[in-house]
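Peer 1: Take a look at the following structure, please.
The values are calculated or read from the model by the stated rules, or taken from the named source; none is laboratory data. It should be emphasised that the depicted structure is a prediction, and the values quoted were computed from it without experimental measurement. Glycine gets a Cβ as well: all are built from the backbone with ideal geometry, and neighbour counts include every protein chain shown. The protein model used for the area step is the full one, side chains on, heavy atoms only, and it has no ligands, DNA or RNA in it. Shrake-Rupley method; radii C 1.70, N 1.55, O 1.52, S 1.80 Å.
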Amino acid sequence: MRIRISHETTHRYAPPARMLIQNLRLTPHGFDSQYLLFWRVALDIDSAIKTSEDAHGNVVSTFSHHGAPIERLTVTARGEVETSDSAGVIRGTAERLPTDMYLRDSPLAHVNGALRAFAIESAGGAQDPLDALHRLMAELHRVMSFDPYQTDDPDSAAEAFALRRGRARDFANIFIACARALGAPARFVTGYRAFEEPDGEAGAHAWAEAHVPRLGWVAFDPTVCICADPGYVRVVVGFDARDASFASAAHGMSDDTIESVIRVEQARFQTQS
Amino acid sequence: MAGVAAFDEMGREGEPARALYRKVARWLEETPAELLASRRAQAEYMFRRIGITFGVYGDKDAAERLIPFDIVPRLISRAEWRKLEAGLTQRVKALNMFLTDVYGARRILNESIIPPELILRNPFYRPEMIGRRAPHDIWAHIAGIDIVRVDDESFYVLEDNARTPSGVSYMLENREVTMRLLPDLFARHSVAPVDDYPDELLACLRSVAPRQDRSEATIVVLTPGLYNSAYYEHSFLADKLGVELVEGRDLFVEDDQVFMRTTLGPRRVDVIYRRVDDDFLDPLVFNPQSVLGVPGLIGAYLAGNVTIANAVGTGVADDKAIYSYVPDLIRFYLSEEPLLKNVPTYRCREPDGLKYVLERLDQLVVKEVNGSGGYGMLVGPHATQAQREQFAAKIKADPANYIAQPTLALSTCPASFDKGVAPRHVDLRPFVLSGADSVRIVPGGLTRVALKEGSLVVNSSQGGGTKDTWIVDDIEDED
């Protein structure tokens, strides 16, 4: 599937910010089932962008500004990717960290007793790790209700699980915590999701990847209860939602009001660009 | 522990004093009690005037407390020190090589010297540093190694501190106070000086500066601020080094360069001697809630434009789980036998270790590998049979999570009290400085003393005090 993405983030600073620094993780890597046709990150202030990679190998675009106060800043990421079906199996990524590091405890995907018990019960003694993870995904999808406008704002997997409802990021954090409890290395993915038909739900999304012996990394989306299909555009990975965010930013003492406009559409019927 | 006869460094009561301590013994004998009392009072007065204090968390009335100082110096002979020095140098070298390796090729894991999960799942093993090298391969620029002695011969390393070890300000202040308080006793010994520590530290920090012209390097001390328990030491060191003491908000990063705000405009910073934990260094990379750090600092660091001392990620080298492997690290990286002993540690993850520990629970201290602050610990000799049985079940359920050590009889030294002179247990923290050019160790360190009778806990938060530590020449005239 050919997918066109436009992700525009507008920051309004009050009082106007004299210092700004951001690490943007808005650029995907290509791999076997995701090919980058083009990608560009731009700012509407005069500041150079430096590119590096973080611990997980994500592309990080860094910029900073000091001096004249800035009231408004827009960050734009635009690009197009071509994806293909791989039954959710992620191949051809450059891995910086040893796989087993994704077994470690992380703040938002910390396993408590309730999550551990749920994980073991969901897996139902399945011997095959892939089978166990599928059962976990199905059971998680069954007991949790999806609430994209979650106002209680649970932060961690344990908190969201106690409420039995959450946003996509909560589903992903819970899945990761449980997968690790079952002995499978697991990580958080932030990206976009597109649909064959024009649909209001397309946009930013969060899901998980778990490592399965012999297969490698497999993308599970517990919110929808499927393994990633060609509608998924994978951008950032991390131990949990905390380090797999699109951006981390500092802006001195100013308040930051953020407005995001994300367009994700199939590029099949494009006229001209 | 209690009941075990400890080695006294001066010599036990009723026995002749060890040669090293003869003059101290005579001084203690000849000095009238009133004079010792007045020296103690003077010492307290001097420390109050200096303002050397220690913050106690969660204690509002005693927000800033004086750490008790015992006026009787602790002596170590030059020959003993030379051995310690060689052992410390070797140990810290191996720790730095270990850090280069675990963040690099991971040979130590590939060759199964250390079980991979001990490193990979260790929260202090920082993913941000994987595949990176610290400038000059020095990670722990400043290390504090805690040492205890149990007899005439044997010194043991109790703990490695490779993150932000504190206490060196006490080493320096204790010496100043002692020299003023006991000039005669001091003059009767040939004591190795410690007052060049700031110069040595400065040379060490300069040697790792990223700039070509290192004499031009701008160095700062980064403190979490006034409310940190070691704030006094941070300001003391900045003052002695002749560099700025800064908090996170005094620094900023632009284009991967670190700058300090000064009245004369921004000034580029080359080396940060940080006394802030990894987690709080940069909110863009670590704890996003942290206001102590500098946004963008890690980017500047990874770009090679600033040196952070100690490096990010050193915590994996001084972790409880790694401690028992340090002798193996020394053999692996240096092909040498360790010169300093480790407290024998039995790992329950290994079947032999598990068997040994379960058979001797009444003699051992059992610790949880990832536990801290005494949580999840069994002190065998002090536990009841029921407690031991309960603990045995926990160990069997998850052996990998437990290690065990014998109880050590820490040596004692004479200490002066209102009621007279009495032996008290001590340890020693020497400070090892690793620079690009050499390893430097100032002869001495911080001696901590458990002032409560029978206590083995030397921590200042639990009634511990300090002493001046004298490294003295072995051959002394019998004046």
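Peer 1: Please list the equivalent ellipsoid semi-axes of segment A:112-253, computed as the square roots of five times the alpha-carbon gyration tensor eigenvalues, in descending order and whole angstrom.
Peer 2: Equivalent ellipsoid semi-axes, largest first: 23, 18, 16 Å.
Peer 1: Between the chain alone and the structure with every protein chain in place, find the residues of segment B:114-130 that drop at least 30 Å² of accessible area; heavy atoms, 1.4 Å probe.
Peer 2: Hits at the 30 Å² cut-off: B:Leu120, B:Arg121, B:Pro127, B:Ile130.
Peer 1: Among B:Glu453, B:Glu244, what's the order by accessible area (1.4 angstrom probe), most exposed first?
Peer 2: Largest accessible area first, the list is B:Glu453, B:Glu244.
Peer 1: Using every alpha carbon pair in chain B, what percent of pairs falls into each 10 Å bin from 0 up to the bin containing the largest distance?
Peer 2: Histogramming chain B at 10 Å steps yields 4, 19, 28, 27, 17, 6, 0 percent.
Peer 1: Over what distance in Å are the Cα centres of segment A:20-87 and segment B:402-420 separated?
Peer 2: Spelled out, the Cα-based centre of one part sits 58 Å from the other.
Peer 1: Mind checking the mean number of beta-carbon atoms from other chains within 10 Å of the Cβ atoms in A:96-105?
Peer 2: So the per-residue partner count for this stretch is 5.
Peer 1: By how many degrees, 0 to 90 and rounded to 10, does the Cα axis of helix A:168-181 deviate from the longest principal axis of chain A?
Peer 2: 40 degrees
Peer 1: Sticking with this one: Could you name the aspartates and glutamates whose alpha carbon sits less than 19 Å from that of B:Lys394, not counting residues in the same chain fewer than 8 places away?
Peer 2: Filter leaves B:Glu350, B:Asp352, B:Glu359, B:Asp362, B:Glu368.
Peer 1: Through the Karplus equation 6.51 cos²θ - 1.76 cosθ + 1.60, θ set to phi - 60°, convert the phi angles of segment B:298-303 into ³J(HN,Hα) values in whole Hz; use x for Gly and Pro.
Peer 2: Taking θ as phi minus 60°, the curve returns 5, x, 5, 5, 5, 6 Hz for segment B:298-303.
Peer 1: Put +1 on the Cβ of each Lys and Arg and -1 on the Cβ of each Asp and Glu in chain B; which of B:Ser77, B:Ala392, B:Thr314 then has its Cα farthest toward the positive end of the dipole?
Peer 2: Farthest towards the positive end: B:Ala392.
Peer 1: Sticking with this structure for a sec: Taking a ≥ b ≥ c as the square roots of the Cα gyration tensor eigenvalues, with a/c under 1.5 meaning rounded and otherwise prolate when a/b beats b/c, else oblate, which class fits segment B:328-454?
Peer 2: oblate
Peer 1: Moving on to the next point. Can you give the angle from 0 to 90° between the axis of helix A:113-123 and the longest principal axis of chain A, with both taken from C-alpha atoms, to the nearest 10?
Peer 2: 60 degrees
Peer 1: Which is the longest part of chain A that has none of the trypsin sites (Lys or Arg not before Pro) sitting in a DSSP loop with at most 10 other Cβ atoms within 10 Å?
Peer 2: Between exposed loop sites, the widest span is A:1-163.
Peer 1: Report the per residue volume, in Å³, of the convex hull enclosing the C-alpha atoms of segment A:89-175.
Peer 2: 122 Å³
Peer 1: Turning to a different aspect of this structure: Dipole magnitude of chain B about its Cα centre, charges +1 at Lys/Arg Cβ and -1 at Asp/Glu Cβ only, in debye to the nearest 20?
Peer 2: It comes to approximately 700 debye.
Peer 1: Which value, in Å to one decimal place, does the Kirkwood hydrodynamic radius take for segment B:346-406 when every pair of different Cα atoms is included?
Peer 2: For segment B:346-406, the Kirkwood estimate is 11.0 Å.
Peer 1: On a C-alpha basis, how far is the centre of segment B:86-160 from the centre of segment A:107-137 in Å? Whole number, if you could?
Peer 2: For segment B:86-160 versus segment A:107-137, the Cα centre distance is 35 Å.
Peer 1: Would you mind listing how long the protein assembly as shown runs along its three principal axes, going by Cα atoms, in whole Å with the largest first?
Peer 2: 102, 67, 51
Peer 1: So, one more: Between chains B and A, what is the buried accessible area in Å², counting both sides, with a 1.4 Å probe and ligands, DNA and RNA left out, to the nearest 100?
Peer 2: In total, chains B and A hide about 1900 Å² from solvent.
Peer 1: While we're looking at this one, here's another question. Solvent-accessible area of B:Lys355, probe 1.4 Å, all protein chains present, reported in Å² to the nearest ten, please.
Peer 2: Rounded to the nearest 10, the figure is 130 Å².
Peer 1: For helix A:129-143, report the angle its Cα long axis makes with the longest principal axis of the Cα atoms of chain A; keep it between 0 and 90° and round to the nearest 10°.
Peer 2: In chain A, helix A:129-143 runs at an angle near 70 degrees to the longest axis.
Peer 1: For segment B:136-223, what is the convex hull (Cα atoms) projected area averaged across all directions, in square nanometres?
Peer 2: Averaging across all directions leaves 8.8 nm² for the Cα convex hull.
Peer 1: From the square roots a ≥ b ≥ c of the eigenvalues of the alpha-carbon gyration tensor of segment A:65-109, which class results: rounded (a/c under 1.5), prolate (a/b over b/c), or oblate?
Peer 2: oblate
Peer 1: Let me ask something else. What relative contact order, as a whole-number percentage, does chain B give when Cα pairs under 8 Å and 6 or more residues apart are counted?
Peer 2: The value is 23 percent.
Peer 1: Got a sec? Charge dipole of segment A:84-238, +1 on Cβ for Lys and Arg, -1 for Asp and Glu; which of A:Ser84, A:Asn173, A:Ala184 is way out at the positive end?
Peer 2: A:Ala184
Peer 1: Further, regarding this structure: Arrange the peptides B:164-171, B:221-228 so that the one whose residues have, on average, the most other Cβ atoms within 10 Å appears first.
Peer 2: Final packing ranking: B:164-171, B:221-228.
Peer 1: May I pose another question? Rolling a 1.4 angstrom probe over the protein chains, ignoring ligands and nucleic acids, what is the accessible area of A:Trp39 in square angstrom, nearest 10?
Peer 2: A:Trp39 has an accessible surface of roughly 40 Å² with all protein chains in place.
Peer 1: Out of the total accessible area of segment A:161-273 (probe 1.4 Å, heavy atoms of protein only), what percent is carbon and sulfur?
Peer 2: Reported share for carbon and sulfur atoms: 50 percent.
Peer 1: Could you give the dipole magnitude of segment A:124-199 about its Cα centre, charging the beta-carbon of Lys and Arg +1 and that of Asp and Glu -1, in debye to the nearest 20?
Peer 2: Charge dipole of segment A:124-199: 240 debye, to the nearest 20.
Peer 1: I need two numbers for segment B:208-308: Rg to one decimal and Dmax as a whole number, Cα atoms only, in Å.
Peer 2: 12.8, 37
Peer 1: Is the C-alpha gyration tensor of chain A telling us rounded, prolate or oblate? Criteria: a/c under 1.5 is rounded; beyond that, a/b larger than b/c is prolate, otherwise oblate.
Peer 2: Taking the square roots of the gyration eigenvalues as a ≥ b ≥ c, chain A is prolate.
Peer 1: If you place +1 on the Cβ of every Lys and Arg and -1 on the Cβ of every Asp and Glu, how big does the dipole about the Cα centre of segment B:346-406 come out, in debye to the nearest 20?
Peer 2: 40 debye
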